[in-house]
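The values are calculated or read from the model by the stated rules, or taken from the named source; none is laboratory data. Keep in mind the model is a prediction, meaning the values are calculated, not measured. When we count neighbours, we look across all protein chains shown, and the Cβ atoms used for this are built from the backbone with ideal geometry, even at glycine.
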Amino acid sequence: MKKSLLLVTLFAFACTFQANAQMKVKKFGISIGQDWDMLPGLSTDMLLQKTDTRTAEVIQPFLNSASYYQSSMFCENNNFRLSLVFEPQRWKNVELHTSGVFLFDRRDGVYFYNRDDNGDYSNLNFTLHGSEIDLETVLLRRVPVFGFLNKQFLNLYGGIGSNVGYQFGNYMSIDSYRTIQPDRETGDWESEYFYDYDNVNDGVSARVFAQAGLGVTFFRRIELGFEFRYGAGFRHYFATDTDFTNLHSTAFNLKYVLGSRLSKAERELKRAERAERTRCTWNEYKRCSGW
């Protein structure tokens, strides 16, 4: 009931804001990209704060080994957006992008490895997995840089935005792989593989960021673009802890540009203007060609 009331309130607020700003829907589209929502100082201690003591007991033998080395940290997450673009009537070349963002199978983890003098090798991946759904709003300024016949084909974009989201399906995974040679004389090798996981609480997140990008319009209706985001935020896991994040995000987008609704008289005037431009162009061509 509370969630439904919240959604109704947000929808009413969005409608009121749109009406007061005298906005109209200009575009809709999708984007696909990659997020690096990085946790500064990512380590096993940070990840262990989100799970129970059983997980710490499982990986403690690896952490106590002096021969283990932490070789890398990683943060990977694909993003998918469904966007609706509004155009405020009072502000020229300004767009309000509203999006539903879907982040699936995000992974934040640390990687350990060991190779001893005898050639035995082992590694350990300690990874936090999760998914997230966000609501996002971005206010962008559009700067036309190239056009023809009053139509802009190349536009640059810049502005600020924010999103809020709900994290779900979180869990911590531990997987290790080991190869050993018990009998040095025969040269036979043995392999061992271990995997375990533990559930992590759901949570919420929020971010603010600066965004820049470009868009190229084809056939007056199809816009292909690229966008880049840089910002900061936080992730909070219920009943555990809160982590601050640094956001780097890139995406390619595809949008459909809606046409303006004109009255019959306006459409007739547009046709007459296009016909006049065509005649002027043809007459100029004949004059320059010596016809």
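May I ask you to verify whether GLY169 is on the phi > 0 side of the Ramachandran plot, at pLDDT below 85 and either exposed (fewer than 14 other Cβ atoms within 10 Å of the Cβ) or within 22 Å of the chain's Cα centre (by Cα) (or both)? Even if it seems obvious, please write down each step before you answer.
Values: on the phi > 0 side of the Ramachandran plot: yes; at pLDDT below 85: no; either exposed (fewer than 14 other Cβ atoms within 10 Å of the Cβ) or within 22 Å of the chain's Cα centre (by Cα) (or both): yes.
Taking the combined requirement at face value, the residue does not satisfy it.
Per this entry, ASN246 is not counted among residues that are of a type in the set (S, T, N, Q), surrounded by 15 or more Cβ atoms within 10 Å (Cβ to Cβ), modelled with pLDDT of 95 or more and in contact with an Asp or Glu (Cβ under 9 Å, 6 or more places away or on another chain). Selection of region 204-235 for residues being more than 16 Å from the chain's Cα centre (by Cα) and surrounded by fewer than 15 Cβ atoms within 10 Å (Cβ to Cβ) yields VAL216, PHE218, PHE219, ARG220, ARG221, ILE222, LEU224.
In this structure, does PHE126 turn out to be farther than 25 Å from PHE102 by Cα, out of contact with any Cys (no Cβ under 9 Å at 6 or more places or on another chain) and either at pLDDT 95 or above or part of a strand (DSSP E or B) (or both)? Against the criterion (farther than 25 Å from PHE102 by Cα, out of contact with any Cys (no Cβ under 9 Å at 6 or more places or on another chain) and either at pLDDT 95 or above or part of a strand (DSSP E or B) (or both)), PHE126 does not qualify. With respect to the conditions (1) in a strand (DSSP E or B); (2) over 20 Å from THR250 (Cα atoms), VAL216 lacks only one, and its number is (2).
Applying a threshold of 8 Å to beta carbon distances and a minimum spacing of six or more residues, or different chains, the list of pairs starting in region 96-118 at a residue that is modelled with pLDDT under 85 and ending at one that is among the basic types (Lys, Arg) reads ASN118/ARG184.
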